[in-house]
Amino acid sequence: MRRAILSILLSLTSIVTSAQRVTISGYITDARSGEPLIGAAVIDSDSSLGSVSGNSGFFSLSLAPGHKTIVVSYLGYEDHTEVIDLRSSRVMNFRLDESTAFLEGALVTAHHGELGAHGTQMSAIEVPLTQIKSIPAIAGEVDVIKALQLLPGVQSGTEGSAGLYVRGGGPDENLLLMDGVPLYNVNHLFGFFSVFNADALKNVTLYKGSFPARFGGHLSSVIDVRLNDGNENEYHGSVSVGLISSKVNVEGPVVKGRTTFNVSARRTYLDLIRAPYQWMTGISRRQATGRDEKQTTGYDFYDLNLKLTHKLDNGDRMSLTFYTGDDNARMMSKNHRSTEQMVSDDSMKMDWRWGNLLSSFRWNHAIGPKLYMYLGANYTQYRSNVGSDLENSSYRLEGGKKTEAVRTIASLGYLSLINDVTANTDFDWSPTPQHDIKFGSIYTFHTFKPGVNSLSQQYYGDAPLEDTKREFGNERIHAHEAAGYLEDNWILTPWLKANLGVRASLYGVSGKTYASAEPRVSARALLTDDFSIKASYSTMSQYIHLLSNSSLSLPSDMWVPVTTEIRPMKSQQAAAGVFYDFGMFDLSAEAYYKTMDNVIEYKDGASYLGDASRWEDLVSVGRGWSYGVELFAQKKVGKTTGWIGYTWSKAMRQFDREGNVINDGKPFPARHDRRHDLSMTVTHRFNRKFDLSANFVYATGNRGSLGYEDIPDAKLGVAGEGDPGFFYWNFYSVHYIPHRNNYRMPAYHRLDVGMNFYKQKEHGERIWNISIYNIYSRLNPFVVIPDIQTDNDNGQLRSRYVLRKIAIFPILPSFSYTYKF
Amino acid sequence: MRMKSLFIKAFALFSLLLCTVSCEKEIKFVGHYDGDKIVLYSCAVEGLPLTADLFKSQFSFSGDRHADPRLPGATVSLEVDGKTYVFTEDTSDPEVTGHYVSDYIPQAGDRMVITAQCDGFKEVRSQTAVPAPAHAYVKSFYYKEGIPSAEGYAEDPELHFVVEFDDPSDSHDIYNLNLVRTFYGNHIVIDKETKKEEWVFEQITSYEVLRSSDILFMKENNDILDMGGISSKSVETGRIDDGSFNGTKRSFDVFLPLGKYFGKGGDEFVLDISEYSFLVTSLNEDLDKYTRSVNAALKYSRGLDRIFGEPVSVICNVEGGIGCFGAMTTRTIPAL
């Protein structure tokens, strides 16, 4: 104990005495493209002191003067070793070559980044993009979020959806960052695809706990997605044509060695494929029915990524990131019927649009060899506009005159808008090899505009019969959010390392200010050179909520801020685990316990179309807790790569506060409470022309509320006074639901297989991808619904109550063609 | 090359065949169903003999959806202050079985335990307490002139009653309001012997339950309470929880838009309103929880709420079974 205290004191004094040291600093980049490498390790092999490059590839390492052997390593790249006589601080830039041995299965130097056995970071996984791109995908569309769903501790919503439920948290509790800027909706096609175009990505890291203090604002996870800067020496690109979408990616220098660009665009063409089919079926239907019918439906999405990066003489980098993506779903039908006596017209129009717009400017500046600054200004917007209009009019013709004209108009509109304007500064300071300090601040000006409008009107002639109008929200709400953080990744002794941090945040909305202090601690004890134990504790706060009708990601979901009544969500998470870097394998086992406060759920029977005029009246505020064990084995190098993950978990909710009672105040399982979750993914590269990959997923079914016991439900009625039955029971037959989420849907499992055929062409490489999603056609439930089935029993019609599951992806073969140049 | 072409053709054919795969399937219920249970409904009303209705629950997927759920032949007993009262089965109507009556007449303050046993079922047990009556009175009433228009009224004339509640006790009480009106009018009566319908002109007593009535509304401090729209009141409307009292008193303005009032019905021909009074009920907490959850469940089972609403679980207080053993006390307070 005395030795530990002594070493801490020595470490503290080392900051003060850092003047006796000299510093090497610089950038680590890919030798071919000049692309900065994030998380590359720089180590003095004599003292074993090291540093890790940041998001711009910058590193800083302070050492005692003398002869040094500096080893720079990064997964998938050749190690770079340089012997130097270090007398004074100097700038050293390293350019690493991609490893050819990597694919051949040779052992590559252990990755000394923060995520392995040597780092303090736990509950985080970096998924290699090569692995993501080789995973079999729905309709051939590679998807980052789908790949993350295969990791332990991460669960999907319903079949096909891109929702993420991390360690018992809800899908709104994930902070999704694109180049450090939050994206509020990451889903295309109702959640079946995500907005991340894999061609534009450089690095994807998922944090499920042990959150570094630099991240905040969401309770359950951080998904940090970094985009490619672009090749600074040559032009490269790819064109990919799939079953439902095509995409193109081009990157290269604007000014060689200085300014780069990276552009990628993607668009679906379901609407274009469908158009001639609709035209033909419309003609045949009109011929068959003789009615004047018109019906069109359409759906498309697109996204566009653009990144410009400029390198200044002094090594500073400036970058501009732009993203826009929209989904459009539309349906229109018109029906005109007329007889000699009657004329009727029906029309229905549905127009749903939703999407994101993001732009970001960053300036990365090395203030000195030990201090690096990131300055950013960002704008992010999510908007959805969902409108449906229905009109029906009919009248009788008597002697050529219109009589008994009835007209019904109904419309429903959802609007959700969230705009964030953000300014932030982040600093990396490495005063000594023992301390890697990060600090910074962020300010965000939020604007929300959630709203629901519904209108129902009925007229008989000119006389109104019914006129019901509901309005919910529709006002702009402004909120201010400010936060500051400080974290120190501190080597206390050669075997003990800790990351100590704190984040403080303020949130002001509607005249109310909330403050939060969030301590973050994680520690690693290195027991052998490749085996460590880690423990962490973190608290998080979240100031926004997502009001969602279902587990699908629908554009009718609305982001709303905390209010004077609905307080910020808070979570506390403690985790502990063992980590083993076993040659080419990373093995880990973690256990976690998490509590969540001020989580919201819809009240029993609540819906937007009900009686409430404020969203606060629709929800109850309560708490939740979850715990579980996660096992993970990953092989990142060699001909065969992949991982196996298993999670045992439990997620509960309780709403027992006055005015917020659900389920009579008793605890109930969360909708995504899944006991077992197993996923395996493997890719084997046979040779340079062919690779084969497969996924297997098994998960306990999601939960839902289902009445499976018929009872006569009684409702008190009032009868004549003086009668013994003054109050009497009215009996209705209902399906009794004893508690919320009482039913577990059937288990989910599937096997996907994919293969890639590579061929070198004159100007590039051609890749054919063939994927079969759900190869044994397991009908995994998208939804389970009760229904009445009527059977003919020897001429007698008998009805029975049955359960039906609806699956959307029984088996889905797909292919895509990619040409890389 | 030939292999490649064959492979692509086979793949295309395979893809076409898969389009025929059905994505909807009937599935078996997999879960824990712990057997049919006794469903007990009983409400102890101060001053009225206690009755109980017994049913049996049924597994929804058993296929026998039309079996009679009533449960005759059970033993039902009541325990109050150490004394036991046995219910007898009411067999007066052969079509209505499972109805049990006792000769015990509940009083305010009673604490009682009911048990029911029947062969093949687990015994059920529940307890309740009869609440104290509400301290409520009509403080005043007034008539608000309407605004006439060419077609009737642009704004209805309204009859207002100011109802005030006192809450001197510390206990948690919940109240409901019903308006009782007595009038002369036509209504249809079925002759017991001939089974024919006849129009009869006589004095009628009708009840307007604040929660569901479309002609009775309530205001507090000029805010209309829990009125989502004309035809769809909230399940909370008219529920007065003394936990919400600011101090020991709370006043409500209960009103009838008279234009709608006289226009109501169509078959009734209202000649004259002779009397108004309020029936104020005090509910115990179990009955209140049960009633609210059932109202919400019934609302959820209809229309768009079924699609967009959150499913509702019914809050029961019967150990070993399902149902509700609740209690209430009523008072009639004259109004006009």
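The values are calculated or read from the model by the stated rules, or taken from the named source; none is laboratory data. Please read these numbers as outputs of a predicted model, since none were measured by experiment. Here the Cβ positions follow ideal geometry from the backbone for every residue, glycine too, while neighbour counts run over all protein chains shown.
Determine whether region A:401-415 contains at least one residue that is surrounded by fewer than 16 Cβ atoms within 10 Å (Cβ to Cβ), free of Cβ contacts under 8 Å to residues at least 12 places away in the same chain and either among the β-branched types (V, I, T) or closer than 30 Å to A:S319 by Cα (or both). Yes, some residue in region A:401-415 is surrounded by fewer than 16 Cβ atoms within 10 Å (Cβ to Cβ), free of Cβ contacts under 8 Å to residues at least 12 places away in the same chain and either among the β-branched types (V, I, T) or closer than 30 Å to A:S319 by Cα (or both).
Among the numbered conditions (1) within 21 Å of the chain's Cα centre (by Cα); (2) at pLDDT 95 or above; (3) of a type in the set (A, V, I, L, M), the only one that A:A670 does not meet is (2). Note on region A:330-367: residues that are at pLDDT 85 or above and either of a type in the set (A, V, I, L, M) or closer than 28 Å to A:N314 by Cα (or both) amount to 11.
When we screen A:G754, A:G720 for residues that are touching a strand residue (DSSP E or B) at 6+ places or on another chain (Cβ under 8 Å) and either more than 8 Å from chain B (Cβ to nearest Cβ) or modelled with pLDDT of 90 or more (or both), the only hit is A:G754.
Look at (1) in contact with a strand residue (DSSP E or B) (Cβ under 7 Å, 6 or more places away or on another chain); (2) under 23 Å from B:K289 (Cβ atoms); (3) surrounded by fewer than 21 Cβ atoms within 10 Å (Cβ to Cβ) and you find that A:E601 fails only one, number (3). Against the numbered list (1) free of Cβ contacts under 8 Å to residues at least 60 places away in the same chain; (2) surrounded by 18 or more Cβ atoms within 10 Å (Cβ to Cβ); (3) more than 8 Å from chain B (Cβ to nearest Cβ), A:S816 comes up short only at (1). All conditions but one from (1) touching a residue at least 60 places away in the same chain (Cβ under 8 Å); (2) part of a loop (DSSP other than H, G, I, E, B) apply to A:E340; the one that does not is (1).
Okay, residues lined up against (1) assigned to a loop (DSSP other than H, G, I, E, B); (2) under 29 Å from A:S571 (Cβ atoms); (3) more than 14 Å from every other protein chain (Cβ to nearest Cβ):
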{"position": "A:K650", "(1), (2), (3)": "no, yes, yes"}
{"position": "A:D656", "(1), (2), (3)": "yes, yes, no"}
{"position": "A:N660", "(1), (2), (3)": "yes, yes, no"}
{"position": "A:D664", "(1), (2), (3)": "no, yes, no"}
{"position": "A:H672", "(1), (2), (3)": "yes, yes, yes"}
{"position": "A:L678", "(1), (2), (3)": "no, yes, yes"}
{"position": "A:T683", "(1), (2), (3)": "no, no, yes"}
{"position": "A:D691", "(1), (2), (3)": "no, no, yes"}
{"position": "A:Y698", "(1), (2), (3)": "no, yes, yes"}
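For region A:642-688, a residue qualifies if it is surrounded by fewer than 21 Cβ atoms within 10 Å (Cβ to Cβ), farther than 21 Å from A:L164 by Cα and among the basic types (K, R), and the qualifying residues are A:R657, A:K666, A:R688. Name the one entry in A:S60, A:S56, A:S51 that is in a loop (DSSP other than H, G, I, E, B), under 35 Å from the mean Cα position of the chain (by Cα), of a type in the set (G, A, S) and closer than 24 Å to A:D316 by Cβ. Only one candidate passes the filter, namely A:S56. Among the residues of region A:127-140, just one is in contact with a Gly (Cβ under 6 Å, 6 or more places away or on another chain) and either closer than 17 Å to A:V186 by Cα or small (G, A, S) (or both), namely A:G140. The listed residues are A:S510, A:S607, A:S548, and the only one of them that is within 14 Å of chain B (Cβ to nearest Cβ), at pLDDT below 95 and more than 24 Å from the chain's Cα centre (by Cα) turns out to be A:S607.
In region A:205-272, counting only strands (runs of 3 or more DSSP E) that sit wholly within it, the ones holding 3 or more residues that are of a type outside the set (A, V, I, L, M), more than 30 Å from A:P152 (Cβ to Cβ) and without any contact (Cβ under 8 Å) to a residue 24 or more places away in the chain span A:245-255.
Yes or no, residue by residue, for (1) in contact (Cβ under 8 Å) with a residue 24 or more places away in the chain; (2) more than 8 Å from chain A (Cβ to nearest Cβ); (3) more than 25 Å from the chain's Cα centre (by Cα); (4) part of a loop (DSSP other than H, G, I, E, B):
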| site | (1), (2), (3), (4) |
| --- | --- |
| B:P49 | yes, no, no, yes |
| B:D53 | yes, no, no, no |
| B:F61 | yes, no, yes, no |
| B:A67 | no, yes, no, yes |
| B:G73 | yes, yes, yes, yes |
| B:V76 | yes, yes, no, no |
| B:T84 | no, yes, yes, no |
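List the pairs whose first member sits in region B:90-106 and is outside any loop (DSSP other than H, G, I, E, B), whose second member is surrounded by 12 or more Cβ atoms within 10 Å (Cβ to Cβ), and whose Cβ atoms are under 6 Å apart, counting only residues at least 6 apart or on separate chains? Close Cβ pairs (under 6 Å, with a partner that is surrounded by 12 or more Cβ atoms within 10 Å (Cβ to Cβ)) amount to B:H99/B:D53; B:H99/B:D90; B:Y100/B:A52; B:Y100/B:V76; B:Y100/B:F87; B:Y100/B:E89; B:V101/B:T51; B:V101/B:D90.
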